[in-house]
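These notes are about the structure you will find just below.
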Amino acid sequence: MSRLNFKLEATSPGSRARAATFTTLHGEVQTPIFMPVGTQATVKNQTVESLKTAGSNVLLANTYHLLLRPGPEVMRKFGGIHKFMNWDRPVLTDSGGFQIFSLSHSREMNEKGARFLSYVDNRPILLTPELSIDMQKAINSDIMMVLDQCIESNANHKDAKLAMELTHRWAKRSLEARGDSLQSIFGIVQGACHEDLRKQSADVLINLRVNGEGFDGLAIGGLAVGETKNEREDFTAIATGMLPENLPRYLMGVGTPIDILEAVHRGVDMFDCILPNQYGQRGVAFTSLGKFQMRRTVYKFAEEKLDPACDCLACTNYSRAYLHHLIKTDEPLGWHLLSLHNITFYHRLMSDMRSHILNNTFLDFYNRKRIELDMTDEENPHVPMAAVKPHKREKRLQLGDYEVHDSDRGFSSIRQKSSGEVMHSINPPQEEARNLYLLPSRIDERLNDINEVVIWDVGLGAAHNSMAVIHEFLDKDFSGKIRIVSFENDTDPLKLALRNAPVFPHLHHAAPVELIKHNKWISPKGNIEWELIQGDFSHTFEGSPKPHVIFFDPFSMQTNTELWSEVLFSKIFEYCRGNEVQLLNYSASTAVRATLLAVGFNVGYGPATGPKSTTTVAFNEASLAHKLGATLLGQEWLSRWEKSDAKVARTLSKSDEKEFEEKIRRHSQFLDT
């Protein structure tokens with residue numbers, strides 16, 4: 001039983017993200033929580049009052065530094081850190097293990113503890129688990145940390161195992177040293193980037209008891225010390241998967257806003273890091289529009305507030321130009337204001353995550369926010385900046401043969417410069433993708449009959465159609481699997497849209513980023529898989545899994561004639577034999593419908609879009625058309641076709657036209673009407 005009276009309030013569907021509450025000696029704590037680092041009983045460039053205004057509720061102080069100065073005698077005289085620094089809220093104290101790790105050339109580790117020279121007066125000190133806890137008792141922190149041996153995360157298995165085992169022995173001594181103190185204490189899971197060691201460390205610490213009492217929480221140590229970002233995320237997930245649900249989980253020393261978002265998604269509750277202050281002193285501000293570098297000359301004349309979504313002192317009272325001036329002149333006021341803003345940003349992020357976890361909407365928030373948090377001011381085309389050179393902004397809005405096209409109806413699309421064609425030009429693209437491709441495909445109904453529904457997305461473009469499927473089904477519980485196979489010979493449209501993600505909200509998700517990097521994305525539950533096949537669709541579709549649904553959405557016949565030919569449609573029809581297949585297309589062209597009919601498809605009316613009263617839907621089996629209640633072309637359409645000037649596919653020669661026309665007249669769907 002934890003002394004903190006830990007209560008898990010919610011876990012987000014589709015994620016390990018948790019919202020919880022626990023109670024310390026100096027007040028209640030709601031998680032997820034970020035703890036500003038007050039190493040020496042002060043958070044750099046801040047006052048207690050500014051920290052409270054920013055939303056800080058728990059501070060971290062460092063045992064190693066406070067042991068050296070002012071020392072335990074001072075702390076005991078004041079009854080602890082709270083009165084000493086005039087802070088009446090909870091404090092967590094690190095044990096000093098990481099700081100000793102940082103003294104790699106001036107310390108000696110052994111069974112007793114860590115021996116090093118004081119940077120204050122050069123006297124030798126042996127920091128033992130008992131001395132560390134004794135100092136933390138003098139500090140009177142709400143949560144104490146055991147002394148641990150931190151080691152590089154990429155250390156070999158043998159060295160990592162030795163350090164882990166020493167940490168376990170020190171953990172037992174630390175727990176014993178707590179005695180009858182009312183303070184809580186956390187153990188630290190070590191094991192570097194070795195899964196078996198992480199499992200062993202978690203098991204030992206979970207089961208460790210002294211006088212019937214165990215740890216009140218568990219921390220994940222030994223990360224953010226040499227591993228890659230992917231390794232850190234993987235081993236965070238591995239560690240949280242091994243920790244009990246009824247104790248708080250603390251990821252030590254991490255990190256940037258995106259690092260914290262990823263860790264919350266993987267089940268972490270508590271965080272600390274010096275970055276909000278360190279970055280603020282360097283002139284870097286985390287904002288809702290991306291990460292700003294305020295030293296940049298573009299802000300010299302900028303009258304706008306730093307972050308339109310923030311009401312901190314820096315954003316409320318000062319312009320970007322003034323903050324730029326303070327940072328350029330190394331004025332401490334600039335360090336104070338930017339650090340204050342960054343701390344406020346972190347706390348608002350934690351609060352937003354907690355709200356979304358409690359409301360069961362965290363996964364959507366996570367998918368949207370991970371794109372926003374990874375962006376810089378240079379990458380966001382909607383950051384108004386004075387003195388921006390026009391060609392730089394235009395460069396962000398163009399890539400290869402494509403450019404961002406802003407509709408006068410308030411949405412953005414991708415336009416091909418050479419042809420002038422705009423992808424989803426009439427309606428908001430995600431609305432059109434949903435109404436024209438997603439809803440008519442009736443994927444949920446197909447899943448009742450088929451264990452795996454394969455969707456061909458022909459013409460990936462900016463990924464509107466595929467993302468419509470992913471957004472629709474990501475949080476749904478369904479049996480079976482959805483497999484999306486996108487075909488594209490030029491990924492520049494998607495790359496350009498990702499570069500301008502703020503105006504393409506459908507991309508606020510990990511899936512398109514992973515697709516571009518690895519040509520594949522798999523959902524957290526493993527029930528949605530998205531694959532990219534690059535190259536000319538005419539030559540690449542053979543060998544891919546047979547589809548059940550085809551989103552046929554390439555550029556028009558005028559721009560991409562080969563993809564609308566009788567030859568290609570015939571190959572698709574033959575390739576799909578054995579599956580009941582539905583093909584959806586934005587065109588209402590008589591020639592397109594005639595071509596689909598000529599190769600054997602049953603063809604009907606698709607939903608309206610923009611100025612078109614109908615689009616086109618085709619089925620390789622009449623049974624599927626009847627099952628889905630499609631309205632097929634009938635005698636009325638056939639009569640109009642007979643009178644049309646566009647009876648045949650543009651790619652046909654004159655000698656083939658007669659045979660083509662007879663195929664349509666003899667088609668079974670007209671014989672039945």
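Taking the C-alpha atoms only, the angle from helix 566-575 to the longest principal axis of the chain is near 60 degrees. Within region 226-270, find all residues whose amide N lies under 20 Å from a label point positioned 7 Å from the Cα of GLU28 along Cα-to-beta-carbon. In region 226-270, the label zone of GLU28 (backbone N under 20 Å from the point 7 Å along Cα→Cβ) covers 246-249, 269-270.
Oblate is the label for region 601-645, because the ratio a/c of its alpha-carbon gyration tensor axes (a ≥ b ≥ c) is 1.5 or higher and a/b is not greater than b/c. Applying a 4.7 Å Cβ-Cβ cutoff to the chain, the cysteines left without a disulfide-compatible partner are CYS150, CYS193, CYS273, CYS312, CYS576. Given the choices (i) 39; (ii) 32; (iii) 28, percent of Cα pairs over 43 Å apart derived from the coordinates of this structure is entry (i). Note on region 7-273: antiparallel DSSP beta bridges, both residues inside, total approximately 45 percent of the bridges counted.
Of TYR299, TYR586, TYR575, the sequence from fewest to most neighbouring Cβ atoms within 10 angstrom is TYR575, TYR586, TYR299.
FRET efficiency for ASP492 and ASN360, Cβ-Cβ distance as r, R0 = 51 Å, nearest 0.05? If you can, show how the numbers build up before the last one.
Values: r = 37 Å, r/R0 = 0.73.
Using R0 = 51 Å, I get an efficiency of 0.85.
Each Lys and Arg adds +1 at its Cβ and each Asp and Glu adds -1 at its Cβ; summed about the Cα centre, region 274-373 shows a dipole of about 280 debye.
Relative to the longest principal axis of the chain, what angle (0 to 90°, nearest 10) does the C-alpha long axis of helix 464-473 take? Orientation of helix 464-473: about 60 degrees from the principal axis.
Bridges between two residues of the chain, per DSSP, are antiparallel at a rate of about 50%. Comparing Cα centroids, region 167-230 and region 596-644 end up 66 angstrom apart.
I need the calculated FRET efficiency for the pair HIS157 and MET109, taking r as the beta carbon distance and R₀ as 22 Å, to the nearest 0.05. Show your work: numbers first, answer last.
Numbers: r = 18 Å, r/R0 = 0.84.
E between HIS157 and MET109, to the nearest 0.05, is 0.75.
Dimensions of region 274-373 from C-alpha coordinates, computed as largest minus smallest value along each principal axis and given longest first, are 46, 24, 21 Å. As a proxy for reagent exposure, ASP134, ASP492, ASP142, ASP311 were ordered by neighbouring Cβ count within 10 angstrom, fewest first; the result is ASP311, ASP492, ASP134, ASP142. If you take the Cα centroid of region 1-60 and the Cα centroid of region 501-543, the two points sit 37 Å apart. Highest average first, the peptides 258-264, 119-125 ordered by how many other beta carbon atoms sit within 10 Å of their residues are 258-264, 119-125.
Gain on full extension, evaluated as 0.36 nm per residue between ARG69 and LYS663 minus their Cα-Cα distance, stands at 204.6 nm.
Computed from Cα atoms, the angle from the helix 362-373 axis to the main principal axis of the chain rounds to 80 degrees.
Every number in this text was worked out from the coordinates using simple rules, so none of it is lab data. Note that the coordinates shown come from a computational prediction; the quantities given were computed from them, not determined experimentally. Methodologically, a virtual Cβ is constructed for each residue, glycine included, from the backbone with ideal geometry; neighbour enumeration extends over all protein chains shown.
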